[in-house]
Amino acid sequence: MKLLPPEVVTVCYIIAAVLFILALKGLSNPRTARRANLLGAAGAALAILAFGLSVELRNLGWILGAIAVGSVIAVIAARRVQMTQMPQLVAAFNGVGGGAAALVALVEIAHSESPWTLGVVAVTVLIGGVSLTGSFVTFGKLQGIVTTRAVTFPGLRVLMVVLVLAAIAAAVALVATGDVVFAYLLLAAGLILGVLLVLPIGGADVPIVISLLNAFTGLAVAASGLVLSNVLLLIAGTLVGASGTILTMAMAKAMGRTVTGIVFGAFRAHVAGSAAASASDRAVRTMGADDVAILLDYAQRVVIVPGYGLAVAGAHHAAAELAELLRDRGVDVVFGIHPVAGRMPGHMNVLLAEANVPYDALVEMDEVNPRFKTTDLVLVIGANDVVNPAAKTSPGSPIYGMPILNVAEAQQVIFLKRSLNPGFAGIENELFFDPKVSIVLGDAKQTLTKVLAAVKTTA
């Protein structure tokens, strides 16, 4: 039974679209991110409710059951996921979204009568398939299930070309005949292409790939809106696709990459070897927490560089407390934030905001880099690739060309690391062997707690 007239549904869709736009706007700032999430959720709930009350639903039990199961999974995931696992969660959710769009398109083939609609179905199925498997490969890379190194094999380029040509042929056949068999062939090609597109991409570029695949999913959802003649899906998908594209371009620029170079990673002329990935036998200078406290006692300008290791150790509260203690003593302390610190844009900002670090103390890369020349001490906590000079000095390195935090320009650099193992990109950091660099080995949270205690005794 239809309870809402079309006019009311249209108004609800407009309100939902406005809420989506406000949500995207709010997510650009940690201060408004929580409210933005609520606005987006409210828009989605309003859209679902309006649609449900405007059509005659069949299989209501299955629909309500699916909503219940999905809600339970979402609540459990949201409560249990750690902040360090947010990139993986985003990748998984993004893949599910792309897969859902592809399935909707497959179902709608039976109701498609025009070549135009079948063409949109073909695009949706292909993009949805690429997004599904590509997102789960990125999930595997971030989770450590799949190697973070670029994976290639002989004949990869030829195989990809063949798959692209096969996908085009299947799409043309689908539009010409409307036979669902060609849609399944197109889906299979998309699923394989998603894997082959992401595997050759090294760990340093994975955050960009997540954003790019998010844009793909948005395009697939927008195409689903065309197939279903649903304006809200079209608007929502376009917003996601556009925002994902803008973010991808911004991240690529921040990391000194080109989007085409990342997307077609399999066609690169070479992949950096693994020789640099092994730990070096050269000696490094180490120190203890008490030594760090002494250096901090004499420093007037300090930059703290947080990384994924800080997030894993849950050391953000200790880092925030140390910064506040030093600031109370008149020390100029800021946090230097790399665009992809924590493997995802904004990851460190949100984590440190959770520890009540003032927003003006979070300084982005372009603003903090000029400060290093006049900085007495840099405390690098769990970061590696984002400060690795190989990005500037080693053309064969997988991170070559990526802008980094120029911590080497500071008077003294201290790394807090669990071990001397390579970072996410799988390469050794030459900075460890610089005479002015010292390393404190151990859990970052425990080390910072000891440093805090030692600093307090020097008051």
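All of the numbers you see were taken from the coordinates with simple rules; none came from a lab. Fair warning: this is a prediction, and the values are worked out from it, not measured in the lab. Heads up, the Cβs are rebuilt from the backbone with ideal geometry, glycines too, and the neighbour counts pull from every protein chain shown.
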Extension gain residue 7-residue 162, at 0.36 nm per residue separation less the Cα-Cα distance, in nm? 51.0 nm
Quick check for the chain: number of Lys pairs with alpha-carbon distance under 29 Å, counting only pairs 8 or more apart or on different chains? 24
Row for segment 27-87, column shape: gyration tensor on C-alpha, a ≥ b ≥ c, rounded if a/c < 1.5 i.e. under 1.5, prolate if a/b over b/c, else oblate; value oblate
Relative frequency of Cα-Cα separations exceeding 19 Å in segment 81-267, percent: 57 percent
HN-Hα J couplings of segment 364-381 from phi, Karplus 6.51/-1.76/1.60, θ = phi - 60°, integer Hz, Gly and Pro as x? 6, 3, 4, 8, 8, 4, x, 7, 4, 4, 10, 9, 6, 8, 10, 10, 9, 10
Can you tell me, using C-alpha contacts under 8 Å and at least 6 residues apart, the relative contact order of segment 276-457 as a whole percent? 33 percent
Between residue 307 and residues 5 or more places away or on another chain, the pairs with built amide H atoms under 5 Å apart involve 381, 383
Per-residue ³J(HN,Hα) for segment 101-110, Karplus 6.51 cos²θ - 1.76 cosθ + 1.60, θ = phi - 60°, Hz, x for Gly and Pro: 4, 5, 5, 4, 5, 4, 5, 7, 4, 5
Helix-only mean residue ellipticity at 222 nm for the chain, each DSSP H run of n ≥ 4 adding -39500 (n - 2.57), per residue, nearest 500: -19500 deg cm²/dmol
Which of the peptides 96-109, 40-53 is most tightly packed, and how do the rest follow, judged by the mean count of other Cβ atoms within 10 Å per residue? 96-109, 40-53
Return a whole-number percent for the relative contact order of the chain, with Cα pairs under 8 Å and 6 or more residues apart as the contact set. 14 percent
(1) -0.31, -0.80, -1.05; (2) -0.53, -0.96, -1.02; (3) -0.27, -0.73, -1.03: which one is log10 I(q)/I(0) by the Debye sum over Cα atoms at q = 0.06, 0.10, 0.12 Å⁻¹ as calculated from this entry? (1)
Karplus-derived 3J(HN,Hα) from phi for segment 128-133 (6.51 cos²θ - 1.76 cosθ + 1.60, θ = phi - 60°), whole Hz, x at Gly and Pro, runs x, x, 4, 5, 4, 6
